[in-house]
Structures are given as structure tokens and as C-alpha cells.
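Following: one structure in C-alpha cells, then a few remarks.
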Amino acid sequence: MPNNLALRMRPKNIDQVIGQKHLVGEGKIIRRMVEANMLSSMILYGPPGIGKTSIASAIAGTTKYAFRTFNATTDSKKRLQEIADEAKFSGGLVLLLDEIHRLDKTKQDFLLPLLENGNIIMIGATTENPFFSVTPAIRSRVQIFELEPLSTDDIKFALQTALSDKERGFDFDVSIDDDAIDFIATATNGDLRSAFNSLDLAVMSTKPDDKGLRHISLDTVENSLQRSYITMDKDGDGHYDVLSALQKSIRGSDVNASLHYAARLIEAGDLPSLARRLTVIAYEDIGLANPDAQIHTVTALDAAQKIGFPEARILIANVVIDLALSPKSNSAYTAIDQAIADLHKNGTLPIPRHLRDGHYAGSKELGNAQGYKYPHNYPEKWVKQQYLPDKLVGKNYFEPNQTGKYERALGANKDRIDHLSK
């Protein structure tokens, strides 16, 4: 049995996968593929530690295929040849190809025919968006699935499973305080591998008492992770409560409260959650009232994630202060939600023919693109014509706020166009 808890807890079948219910839940696509034994190669992408390897392992275990791994960066073409030979003589295998976005051309050229003949079911794993980082030749031969971040409840369930499973988890008695397991689930930021490693370290470094029981307290976990619990849950607030309080404080333009909640997340070392939430705030709550703040936010957070803590706290402080004291507008956010609501209500409505594509053969006979007026050919680069589908003519989704100079200018231009359209 592997010494590493994360390896021991790797799922042996599809039912043991933690999270990712949109892919492996009842009636969902990967489960349907497995149950029908109609496997095809795929790419799974998402942050580290959320289940890419687990899903590959579970597919192999459920279908009884051999399971092999290959790292695009460190493994050689010779290793890929050995896997191909094994697949040929065994009747197929599941190959987890880690860091697929780093696969060089020589290995790609060797892999492509193997994907075509079906001897290898490749499951590519990457933290990068494959639509940008994986070559079209690979993408066209696979299905692409995005994995969702694991919730705190998902992590807690996995940790409790490890503690109760004597076969895969610990084969001796362990007890753990509720606040200790909550802290591991929160502090590891959705990374299940990191959570298992943290629990493993805390348990294996704890001496058993005279009855053979190893008791894990909050103090034990804090010492193992070298982080303090006080920033997250000491006052009874959950991880997402702190993030919620941060967003609401920035939305309410309370710079001091905003810095306080940011400090709690900084002290917890929770840079990924901070970066995600601050980016959302910049576009949801500040929006068109101060577009420059969005540029500053994205640039600063990208740099913060590259340099890490402790220096990243300085960049975070700049972002938090800028967002808290910026004028606020949610007009873009509410506008797109109204447009989506109408789409759900009315379905996909016919596009006016003069707006349709007129470049393909036979399009003119269908009346497509006929009568379209090119705005650049007219004074003020505007001409009156219908753009919305017939059923939505007259709809007005965007109502500009007056909180920022930029949005006031957008509002004035909208008023001018509305006047000309009458």
C-alpha cells in the first residue's frame, strides 16, 4: 500500500470520485460513457488537486482497463512507445497524459494515430484552458470537459472518508476535532491533494496515546500547516462568509472593512480565492463606473499570483482600496442577466435576414445579408436599421448609472442613439 494518503485514496471506481457531479453524477456524460462502455479520449482541465487524475483512475477501475500515466514534460517518447506496445497487446488501456499542454510535436505526431485507432483512451490533464493551450490536432480528436472547484463540504467529506476507511485511509484509530477538519478543508483552497497531504502530516506526526488513539486538535493542524485558524473561523465565520463580507464591504465603499476582510484572507494564505473574488467585484460592482479599475485589478492580481505571499499583500491592498473607493455600477451585470432571462423565456429567435452571414454559396438566394447598411458609410458612423429579433424590438436592457464619468458618457451616447432611432 502506498505511504501517501492521497495515493491511497485515489478512487477505484466512478462512485468514489469526489465532486464533479456535472460529469460523473447519475445520468451525466462521463458516467454514461463508462456505463455504456463507449469511452472516448478526453481532456480534463481545471485547478490543481480537484480530480483530474481521480477521474482517469476511476474510469480505468470501473471499466477494468489497465491504467498508465505519462507526463508530457518529463517522460520520453520511448516511454510512450512502451505504453503503445502494451495497449496493442492488452486490447487497450487508459492513459493519463499529464500537462498535455506541454506535449511537443514529436510526441504529438506519435500519439495522434494511437488516438485514431482507439487502442489508447487518452485522458489529458491540464491546468491551462485547452482551447488556447492545446494544439487543434489534439483538440479535434478528443472531448473537452472543465472540472469545477471542489467545495469545502466536498473536501470535508473526503477527509472524513479517509478517517473512516481502514483499508485506504488509516489502519489505526484517529479522532479529529471539528474545528481542525474545518480548518484543513478551508485552508487548502479546494485542493483535495493538498488537504489529504495536510491530514496525513498531522496524523502521522502525532503520537498515539496509551490506547493507540491519535487525537488531532486544531493546534496540531495549525502547527502542521504553519497557518493560523483565527483569520477564517475563530469568530464563527466560514470561509465563504469572509469572502462575502469582503465583497459587500467593497460594494458599500467601506475601505476599512474591506481591508480587514482582505487581511483575514491574506493571513490564511488564500490568494486564489482573493484573486477570483476581487476580479468578480471589479466587473460586477464597479463595472462601467470605472473601467480603469478593472484593468488595474486584473494586472495586479496576475502579478500577485506570480510573486505569491508575503509580497502579494501589497498588490492586494492596492486593488482593495481602489475598488472600495471607486464609483459603483452594476448596470452591465443587470443588463446581461435581463438579456439571458429573455433568451430563456423566448428561446432562440430568428435573426433578421439582413444581419445573417452572406459569404457562403446560396446565401443570397435565401435573402441573407441583403439590405444590410454598413454604419461606417454613414455620417456619425450610425444608420437606423433593425438589429434585435422581431419579437424583442423595443427592448431596453442597459440603463446607465450616473456614478462615473465614463458611464455618464456612455449614457449620453445611448440617449443620442435612442433619439435618432425614433
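Throughout, read-outs are computed from the coordinates displayed, never taken from laboratory work. The model shown is predicted, which means the values in this text are computed figures rather than measured ones. With ideal geometry, Cβ positions are generated from the backbone for all residues, glycine too; neighbour counts draw on all protein chains shown.
Average projection, convex hull of the Cα set of the stretch 58-108: 3.6 square nanometres. Between amide H atoms placed 1.01 Å from N, distances below 5 Å from residue 71 occur with 98, all of them 5 or more places distant or on a separate chain.
Backbone amide hydrogens, once placed in the peptide plane, bring residue 165 within less than 5 Å of 170, excluding anything fewer than 5 places away on its chain. The dipole here belongs to the chain: it is taken about the Cα centre, uses +1 on the Cβ of Lys and Arg and -1 on the Cβ of Asp and Glu, and is about 1840 debye. Per-residue ellipticity at 222 nm from helix content only, as computed over the chain with -39500 (n - 2.57) for each DSSP H run of at least four residues, stands at -15000 deg cm²/dmol. In percent, rounded to a whole number, the relative contact order of the chain is 11, using alpha-carbon pairs under 8 Å and six or more apart.
What the Cβ-Cβ distance of residue 141 and residue 325 gives, at R0 = 45 Å and to the nearest 0.05, is a FRET efficiency of 0.35.
A Cα-only calculation for the stretch 13-116 places Rg and Dmax at 14.0, 39 Å. Here the stretch 263-385 is treated with +1 on each Lys and Arg Cβ and -1 on each Asp and Glu Cβ, and its dipole about the Cα centre works out to around 480 debye.
Tell me which lysines have Cα within less than 18 Å of residue 107's Cα, excluding those fewer than 8 residues away on the same chain? Candidates past the 8-residue exclusion: 77, 78, 88. 3J(HN,Hα) along the stretch 44-54, derived from phi through the Karplus expression 6.51 cos²θ - 1.76 cosθ + 1.60 where θ = phi - 60°, amounts to 10, 10, x, x, x, x, 10, x, 5, 5, 4 Hz, with x in place of Gly and Pro.
Working note: Karplus 6.51/-1.76/1.60 with θ = phi - 60° gives the stretch 408-422 the couplings 4, 5, 4, x, 5, 5, 5, 4, 5, 5, 4, 5, 5, 6, 6 Hz, where Gly and Pro are set to x. Size descriptors for the chain: radius of gyration and Dmax over Cα atoms are 26.9, 89 Å.
Between 61, 19, 37, the Cα set farthest toward the positive side of the dipole of the stretch 4-120 (charges on each charged residue's Cβ, about the Cα centre) is that of 19. Highest average first, the peptides 253-265, 206-218, 394-406 ordered by how many other beta carbon atoms sit within 10 Å of their residues are 253-265, 394-406, 206-218.
Taking a straight Cα-Cα cut-off under 16 Å and skipping sequence neighbours fewer than 8 places away in the same chain, the lysines within cross-link reach of residue 345 are 391, 395. Counting only residues at least eight positions apart within a chain, or on another chain, the lysines with an alpha carbon under 30 Å from that of residue 156 are 12, 21, 28, 52, 64, 166, 207, 211, 234, 248, 306. What does the extension gain come out to for residue 393 and residue 241, with contour length at 0.36 nm per residue minus their alpha carbon separation? That pair, residue 393 and residue 241, stretches by 50.5 nm at full extension. Working note: Karplus 6.51/-1.76/1.60 with θ = phi - 60° gives the stretch 252-261 the couplings x, 6, 9, 5, 5, 5, 4, 5, 4, 5 Hz, where Gly and Pro are set to x. Compactness of the stretch 98-214 was expressed as the Cα radius of gyration divided by 2.2 N^0.38 Å, which yields 1.51.
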